[in-house]
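Let me begin by presenting the structure, written as C-alpha cells, before commenting on it.
The values are calculated or read from the model by the stated rules, or taken from the named source; none is laboratory data. Remember, predicted model here, so these are calculated numbers, not experimental data. Cβ sites come from the backbone with ideal geometry, for glycine too, and all protein chains shown count toward neighbours. Only protein heavy atoms, including side chains, enter the accessible area calculation; ligands, DNA and RNA are left aside. Shrake-Rupley method; radii C 1.70, N 1.55, O 1.52, S 1.80 Å.
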Amino acid sequence: MARINDVGGTQGFGAIDTTDDTEPFHADWEARVVGLYNTLRAQGIFNTNEFRDAIESMPPGEYLAASYYERWFTAICTLLERKGVLEPGALDD
C-alpha cells in the first residue's frame, strides 16, 4: 500500500534541494525531539519500526505540511497515546 511518504516517481513536487546543510538542527526544539526519541526508544516505549509507521501513517496533508522534525514529534505524540503513556488528547493544547 502506497503512503504519502512514498512519492518515488510522482510528479509535481518541484526540484530537490541538493545544497549541503552542515547544521543537523535549525532550532533548539529539533534537538530536544531527537533526545526525546532516543530516550523513549531506549526505554522500550516504542521501537524504530513503530516510529516509522507512525510517521508514515500521518494524514497526507499534515505529512506534506510538516517539517522533518515536526513529523518526528507528531509520531512520538501518536505513539505515546497508542501505548497508553498519555491519555488521548492530552497534548492537544
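Could you check the range 62-91 and list, in sequence order, the residues that are in a helix (DSSP H, G or I) and more than 26 Å from ASP21 (Cα to Cα)?
CYS77, THR78, LEU79, LEU80, GLU81, ARG82 - these are the residues of the range 62-91 that are in a helix (DSSP H, G or I) and more than 26 Å from ASP21 (Cα to Cα).
Condition check: of a type in the set (D, E, K, R) and closer than 17 Å to THR78 by Cα. Does ASP53 satisfy that?
Here the answer is yes, as ASP53 does meet what is asked.
To keep it simple, each residue is scored yes or no on (1) exposed (fewer than 10 other Cβ atoms within 10 Å of the Cβ); (2) at pLDDT below 95; (3) in contact with a Lys or Arg (Cβ under 9 Å, 6 or more places away or on another chain).
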| position | (1), (2), (3) |
| --- | --- |
| ASP17 | yes, yes, no |
| VAL33 | no, no, no |
| THR48 | yes, no, yes |
| LEU64 | no, yes, no |
| ASP92 | yes, yes, no |
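Checking LEU86 against (1) open to solvent by less than 60 Å² (accessible area, probe 1.4 Å); (2) in contact (Cβ under 8 Å) with a residue 60 or more places away in the chain, which test does it fail?
(2)
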